[in-house]
1. Mind listing whichever residues of region A:51-78 are within 12 Å of chain B (Cβ to nearest Cβ), closer than 18 Å to A:A482 by Cβ and in contact (Cβ under 8 Å) with a residue 24 or more places away in the chain?
2. Being more than 9 Å from chain A (Cβ to nearest Cβ) and modelled with pLDDT of 95 or more: is that true of B:K74 here?
3. Evaluate region A:540-549: report whether one residue or more is among the aliphatic types (A, V, I, L, M), touching a residue at least 60 places away in the same chain (Cβ under 8 Å), surrounded by 15 or more Cβ atoms within 10 Å (Cβ to Cβ) and within 30 Å of A:E110 (Cβ to Cβ).
4. Which one is surrounded by the most Cβ atoms within 10 Å (Cβ to Cβ) among residues in region B:1-19 that are facing chain A (nearest Cβ under 8 Å) and within 24 Å of B:D80 (Cα to Cα)?
5. Just one of (1) closer than 24 Å to A:K752 by Cβ; (2) outside any loop (DSSP other than H, G, I, E, B) trips up A:Q89, so point out which.
6. Is it the case that A:E731 is surrounded by 13 or more Cβ atoms within 10 Å (Cβ to Cβ), at pLDDT 95 or above and out of contact with any helix residue (DSSP H, G or I) (no Cβ under 7 Å at 6 or more places or on another chain)?
7. So the check is Cβ under 6 Å with 6+ separation or different chains; which pairs have a first residue in region A:208-227 that's at the interface with another protein chain (Cβ under 10 Å from one of its Cβ atoms) and a second one that's outside any helix (DSSP H, G or I) and basic (K, R)?
8. Failed condition for B:A125, given (1) outside any loop (DSSP other than H, G, I, E, B); (2) in contact (Cβ under 8 Å) with a residue 40 or more places away in the chain; (3) within 13 Å of chain A (Cβ to nearest Cβ), with all others met?
Amino acid sequence: MMISYRSLTLRHKMCDNPKCVNVLTKTEKEDFMEKQVLTTCPYCASGCQLYLNVKDGKIVSATPANGRTNEGNLCLKGHYGWDYLNDPQILTKRLTKPQIRKNGVLEEVEWDEAISYTAKRLLEIKEKYGPDSIMGTGCARGSGNEANYVMQKFMRAAVGTNNIDHCARVCHAPSVAGLAYTVGSGAMSLSIPEIEDSKLLFVIGYNPAESHPIVARRIVKAKQKGAKIIVADPRITETARIADMHLPLKGGSNLALVQAMGNVIIAEGLVDKKFIDAHTVGYEEYKKTVEKYTPEYVESICKLPAETIRQAAREYAKAERAAILWGMGVCQFGQAVDVVKGLASLAFLTGNFGGPSMGVGPVRGQNNVQGGCDMGALPNCYSGYQNVTDDAAREKFEKAWGVKLPKEIGITLTQVPQHVLGIKDEKKRLHAYYIFGEDPGQSDPDLHDMREALDKLDFVVMQDIYMNKTGLKADVILPATAWGEHEGVYSAADRGFQLMRKAVEPKGDVKTDWEIICLISTAMGYPMSYKNTKEIWDEMRSLTPSFYGATYEKLEALGSVQWPCTDVSMEDKGTSYLHKDGKFAHPDGKGKFFATEWRAPGEIEDAQYPYTLSTVREVGHYSVRTMTGNCRTLSNLEDEPGWIQMSPIDCEKLNVKEGELIRVSSRRGSVITRVKPTERVMEGATYMTYQWWIGACNELTVPYLDPVSNTPESKYCAIKLEKIEDQAWAEQYVKDSYESIRKNMGIDTEEKGCRI
Amino acid sequence: MNYFVKGNPDLCIGCRTCMIGCVVAHEGTKIFQMKPGEYVFNPKIDVVKTATITMPVQCKHCENPACMNACTVKAIEIVDNAVVVSQDKCIGCKTCMIACPFGAIDMVLASDDSKQLDGSDRVVANKCDLCTGVEGGPACIRVCPTAALKLVTEEEVGTYISNKRTAAAISLAQVKE
């Protein structure tokens, strides 16, 4: 029925929030006849709450819910990103049956065979080369906290190694390490909702409009409420655009800038001496190290005027309460942990800890990358950051799990290629890799090495929801349920535990991740079995004091509980901000200052490779794109081969125009992508998003790692750009490559059709 | 008076949720059951980015629409306070596209799957219709996560002008002759 426009506008006026569920339209209501399921969004770590509207056993739409962080708002991924559950097969195909590689070819098998074969091979390798020859991953995406807890328990108790890590390694591991050193707790000190009440936001190496639109919303609101915004980023990001000050620093100069700001704050007497004396240690050494980092000294490193740095430092120091937000632009550098420590030190200097809307905000990227860390899918700790080298903690877990546990810290995700390819001694090498919910064949730096490592490993297990590049190299494929098909808990970026709920029945012969791991563990002689995720969660809580109070009942009642939450009573509603009254999470309660010498990036541009490349995000796509790349409308907006953002000056120099295909090469590889001229990037710098499979920028990136966190320098490498004269050939190449990727992923491309 | 949707560059974060919201509102949720190549994806709103500006651009629903006046087949009319293209009548002559001073009209494949007599695709004018006939009002406004889009009605224009005049009176009163 057509409704006149007057009645529509009347409706708009009747309700303050046009998005509230009460204004569901009649047709929408008809769509929802079956049920509405409240859950947590599976994309970025903003932790948005939404309703999945289900009809005939299929999700038909999503409606924003009034969650703690999203307040009835969703971005495009939240609104339309559920579509992959309907398996439209745009990029890859849903896995629906276990597979084993027999005579080089993946063949479908029954679960019994897949489980017993996997257990047998892992046991053989363990026997022959020892438990440390096996590596496992956690999953920062749809699987949830319970599956991660079970996985790290499996690796430690059943296999007997601490070789467990996950993709936090390639993103916020420096934040975890840097903050553990300085404040004792590797997470956002403030909450996402608190951002809008800060008086000053210092946003460095972080583009929330692309990576967390719902966090970007809080920054916009902060600005509307009068907060000052300072952005340090080589690009004009959306936040830089609305900022009071934009510092377009040279890529790779973060530490120089951060220490120069510390230098100014000290030199101009803007320090909070009372806070420093009462709550921190190491100020004198810090002061000594940053002494030489005058704004004039770093001018040539940062390519910023000294006066601009001075002004930014003064504004930051003067603000009544200031928060620092950062993302991959801080973390994906060879000197990342030092910068994180430097940022925490700025907050110490100015007393910006102890209350709400201040402190440090490493905004986690993936929906459950905080959870992967929380649950101990890390080589150095159990759930709740209890160290494997701490005898008391280890003994507690040994007692609970009834088995002796290893105390040596395991190897990290980014060390896998080196531990497969670079070690001659058979006994010391990695021989098996159990990859759970990750795609190192796409997401890790220098893909060439990674693929070689996957080829050389004796045994690769891939447990996922979609076929992916890693699956092509796997010996066993174990198909799991996806978000929307199982229950569990996710941890949002600001430490908020939230429930995700099952909305639809999975199609195909698939099992939940934790069930699969339990079956393999049992077959390997370490029995594990749970009735449901709640039982796993309760076991985890009983061993983890800082999460003990966050029961399912409490999550159900409150919607979201931020750790630490130590008491099960409803009185303990969790912790919205950390380090209350300046008490830090170290045994002595003191924050630790840190400063060191700045180092240049590992690979600098030269005559042969004259441009720099940084990898960035595309707002409508997520991670390795197996989810969003299989969502209809999201892939309509952006699809292969992706773009390279370039300065219009460079475009003119190379005689290339918007949309033209161009060849991008580094010392490690070469790909084709489309030219996107934009005045928002500086001359000589380029940016590519890492979701694309044809324009895969990780073919180009450098495996240069931070020495502490082993995080790769994805934000800086040297490349060259070459115009492609024969554009028709290049267009055909893109088309053929896409077709071949889809075929490789198991899609019947004739039947499913192709759009590009 | 015709209504229009106003974009605010201070609030817009360039996420383009509005563009998908527009397509889903016009094509219906049935597209989520179709093969990826079978439906059309024609947003009637575009997020424009320059070095310092990000904002959605769409039809202003002019009171004296250049597009409507230029249309030779009377395919553009005012319906319920909105300037609307009737895709059935459109012959795809592009005159409206050229006439529009905002670039708010583009030429796209007809979304109703209609073909020309020779079986070839029909290309027609595509522009914002303020979601006429869509319950709940303009989808772009409803889905925007930062409330960067606002429906401007006659009443709101009235309030806006009256507020501005009050502010003007206050500031002008300061000026002593």
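The values are calculated or read from the model by the stated rules, or taken from the named source; none is laboratory data. Computed from a prediction, not measured in an experiment: that's the story for all the values here. Positions of Cβ are generated from backbone atoms using ideal geometry, with glycine treated the same way; all protein chains shown enter the neighbour counts.
1. Step one: of region A:51-78, the residues within 12 Å of chain B (Cβ to nearest Cβ) are A:53, A:55-56, A:58-64, A:69-78.
Okay, now just the ones that are also closer than 18 Å to A:A482 by Cβ, so A:53, A:58-62, A:77-78.
Those that are within 12 Å of chain B (Cβ to nearest Cβ), closer than 18 Å to A:A482 by Cβ and in contact (Cβ under 8 Å) with a residue 24 or more places away in the chain: A:N53, A:K58, A:I59, A:V60, A:S61, A:K77, A:G78.
2. Working: more than 9 Å from chain A (Cβ to nearest Cβ): yes; modelled with pLDDT of 95 or more: yes.
Considered against the rule, which asks whether it is more than 9 Å from chain A (Cβ to nearest Cβ) and modelled with pLDDT of 95 or more, B:K74 comes out as yes.
3. Residues of region A:540-549 that are among the aliphatic types (A, V, I, L, M), as a first pass: A:540, A:543.
From what's left, touching a residue at least 60 places away in the same chain (Cβ under 8 Å): A:540, A:543.
Now restrict to residues that are surrounded by 15 or more Cβ atoms within 10 Å (Cβ to Cβ): A:540, A:543.
If we keep only those that are within 30 Å of A:E110 (Cβ to Cβ) as well, we get none.
No, the conditions are met nowhere in region A:540-549.
4. Only one residue tops the list, namely B:M19.
5. (2)
6. Details: surrounded by 13 or more Cβ atoms within 10 Å (Cβ to Cβ): yes; at pLDDT 95 or above: yes; out of contact with any helix residue (DSSP H, G or I) (no Cβ under 7 Å at 6 or more places or on another chain): yes.
When the stated conditions are applied, A:E731 passes them.
7. A:E210/A:R617
8. (3)
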